[in-house]
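Have a look at the structure below before the remarks.
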Amino acid sequence: MKKYSLIITFLLVLIISGSTGKSQSPEQLRLNLDDVIMIAKEQSPTGIMAKHRFRGSYWEFRTHKAKFRPGLTIDAVTPDLARSIDKITQDDGSDAFVERSLASYTMGASLRQNIASTGGSIFMRSELQRIDRFDANQDKTNYLSTPISIGIQQPIKAHNSYRWEKKIEPLKYEAARKSYIESMENVSRIGVNSFFNLALAQVNLAIANQNYSNNDTLYKISKGRYNIGTIAENELLEMELAFLNAGIDLTEARIQLEINKYELRSFLGYNENVDIELILPLDIPDLEVNVSAALEQAHANSPTIIDLQQELLEADQSVARARAEKGLTADLFASYGLTQQSTEFRKAYVNTQDQERLRIGVEFPIVDWGLGKGRYRMAQSNQEVVRTNVKQAEIDFDQEVMLLVMQFNVQDDQLRIAAKSDTVAQKRYMVTKERFYIGKIDVLELNIALRDKDAATRNYLSAMQNYWSYYYNIRRLTLYDFERMIPLTEDFDSLIQ
């Protein structure tokens, strides 16, 4: 019921578009399989989304790298105005509430460098502060300069997230590069299926046209024979039924062709102003893939393997974090610099004095009711789960590669057999039709030969589709071109422009 509803819907669409469409004829494109794959990679929505996913990963990696490069910042507060009554400590040590009206200004420059190996950071800073006091009697200006100060901030016996980032982030970026190539091969695989779906619709339409013409001729011959009494009425009715069914098949084939054209146009990013006609590939590469070579390339190139390595590292990081957080943690802050104050700007940089600062913070859980230990044990258990899952995933991945290679290596023979069967079925139908013309066989045998002919043609096209689908599936899993014997790659520099 759904099938006939779909046919009626498309008929209505075709009628409406035919009555309201522009007089301009659509652009005609004749595409072979390579053309479809190339266009799909360049402009299909799937290909475009893959490019943007890679760009996101690229900038994420750039952000990670920038974290471990010196960062220079300039900060300023100009001005900070305040008028208030504050508690001020007097020279004799007593406190008094004093009305104050002032403006303060601050400008500084900082240079900071994170250290991945230790998890800390070093910094250098220069700063100048100015305060303008607006007293009732007279205004007064003070300067405080810090020409230079250097320091270090260093966690002690704490989780070093920087060190783990340096291990994990390059893996994530490499996986993103490989995933983009894998996505392009997946686009190729989808393109193969869309190509052959339309190719099958084209072949089905050609078959339907031929069958309609043949059944029309045969029905006319049968009516003549019936009129002279050489065939029975049931044979004439069977021939008439075959002719009517051929008309239905022709209508359905036309509708299905438009459906598959729409699907391929949509996949390639074209609108309805483009009409596509396909050219079937006549040649296939003489290729047999070695299972061991495929496994080797899959382990060397596949993003799946990199993702599994990342899972192991992240599990190790969780254990390291839980171990560091369950005991003593401390952090060190130390700085040394020069400073001076004066009511004159120039003198604020003369005869500077030392300033030092040292701070060590310590935290040690005395009673946490096993919280730290529990988190550590949970992380260890999760690590074992991840290791088991990764091991099983590697086995499943290897099995998928091996089965795919084995299936691909028989497709060449399957395609040759299908081609031979198509040739034999075509010849058999021609012979059967000629024998029917001279009255040697009945309608039943002719219809059987016709069905076998059509099935053989479709099987040949299906075998061709299977060959190319397996071919690009192997490329997708191994990221390797077994024709040219080189790894697949992309121009990543052009992708980030």
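The values are calculated or read from the model by the stated rules, or taken from the named source; none is laboratory data. The structure presented is a predicted model; accordingly, all values stated were derived computationally and were not measured. All Cβ positions, glycine included, derive from the backbone under ideal geometry; neighbour counts span all protein chains shown.
Considered as a group, the residues in the stretch 320-340 that are modelled with pLDDT under 90 and not in a helix (DSSP H, G or I) include one that is nearest to GLN129 (Cα to Cα), and that residue is THR329. Of all residues in the stretch 436-467, those that are more than 24 Å from LEU244 (Cβ to Cβ) and of a type in the set (Lys, Arg) total 1. Evaluation of HIS159 against the conditions (1) modelled with pLDDT of 95 or more; (2) within 39 Å of the chain's Cα centre (by Cα) shows that the sole unmet condition is (1). You will find that of ARG83, ARG112, the residue that is at pLDDT 95 or above and either of a type in the set (D, E, K, R) or closer than 30 Å to PRO147 by Cβ (or both) is ARG112 and no other.
Against the numbered list (1) within 30 Å of TYR460 (Cβ to Cβ); (2) surrounded by 17 or more Cβ atoms within 10 Å (Cβ to Cβ), ARG177 comes up short only at (1). Being surrounded by fewer than 16 Cβ atoms within 10 Å (Cβ to Cβ), of a type in the set (A, V, I, L, M, F, W, C) and not in a helix (DSSP H, G or I): is that true of ALA293 here? Criteria not met by ALA293. Of all residues in the stretch 179-194, none that is not assigned by TED's automatic domain parsing to the domain that holds GLU258 has its Cβ atom under 7 Å from the Cβ atom of a residue that is assigned to a helix (DSSP H, G or I) and crowded, with 22+ Cβ neighbours inside 10 Å, 6 or more apart or on another chain. Evaluating ILE207 against the criteria (1) under 24 Å from SER469 (Cβ atoms); (2) within 29 Å of the chain's Cα centre (by Cα) leaves one unmet condition, (2). Checked against (1) small (Gly, Ala, Ser); (2) closer than 24 Å to ASN186 by Cα; (3) crowded, with 16+ Cβ neighbours inside 10 Å, ALA253 passes all but condition (2).
Taking the criterion of being without any contact (Cβ under 8 Å) to a residue 12 or more places away in the chain, over 27 Å from GLN202 (Cα atoms) and part of a helix (DSSP H, G or I), the residues of the stretch 221-280 that qualify are GLY224, TYR226, ASN227, ILE228, GLU233, ASN234, LEU237.
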